[in-house]
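*Asks:* I have a structure I would like to understand better, so I am pasting it below and will then ask my questions one at a time.
The values are calculated or read from the model by the stated rules, or taken from the named source; none is laboratory data. Computed from a predicted structure; not experimentally measured. For neighbour counting, all protein chains shown are included, and Cβ atoms are generated from backbone atoms with ideal geometry for every residue, glycine included.
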Amino acid sequence: MSASSELESGQLPRQLAEDIVYDDNSSAADALPNSAEVAKPINVEEATLFLRALSNENRLALLTLLQAGEQPVTALADQLNLRQPAVSQQLGRLREANLVEYRREGKTVFYRLASNRVREFLPLIKDHFTRQD
């Protein structure tokens, strides 16, 4: 098999990664996805909707606050120093993307994270984008 066909098949990167051994005797190849995982097609439309919802500073801040649990719109607005209508508008966008759910209790509307997907994704964002002040 030629080097280019090994590269295309994924064998060459795996072989090279197996040569890298860490102190705990694991290899870099252990971190590589298997070919079945790589071959899984992504739902581009759903991924785009999800990532587009995260692309707004206020929406991302709202999701971060909701990691602590369900909160009323008024509390979210206070924490972000935003007007309640602006927060409600951004929560509506997050609801359209299925990232948050809400419930009413009298005149008060409470929001919470809607899925494990967003719960699992937010710590990744925090790990990669925490301020280093």
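*Asks:* With the requirement that a residue be surrounded by 16 or more Cβ atoms within 10 Å (Cβ to Cβ), among the β-branched types (Val, Ile, Thr) and out of contact with any Phe, Trp or Tyr (no Cβ under 7 Å at 6 or more places or on another chain), what does the stretch 92-126 give you?
*Replies:* The answer is Val118, and nothing else.
*Asks:* Output the residues belonging to the stretch 66-90 that are under 15 Å from Phe121 (Cβ atoms) and out of contact with any Phe, Trp or Tyr (no Cβ under 8 Å at 6 or more places or on another chain).
*Replies:* Gln67
*Asks:* Moving on. I need the full set of residues from the stretch 106-133 which are within 19 Å of Asp78 (Cα to Cα) and out of contact with any strand residue (DSSP E or B) (no Cβ under 8 Å at 6 or more places or on another chain), in order please.
*Replies:* The answer is Lys107, and nothing else.
*Asks:* Exactly one condition in (1) modelled with pLDDT of 95 or more; (2) surrounded by 15 or more Cβ atoms within 10 Å (Cβ to Cβ); (3) not aromatic (Phe, Trp, Tyr); (4) not in a loop (DSSP other than H, G, I, E, B) is not met by Gln89; state its number.
*Replies:* Against the list (1) modelled with pLDDT of 95 or more; (2) surrounded by 15 or more Cβ atoms within 10 Å (Cβ to Cβ); (3) not aromatic (Phe, Trp, Tyr); (4) not in a loop (DSSP other than H, G, I, E, B), Gln89 comes up short only on (2).
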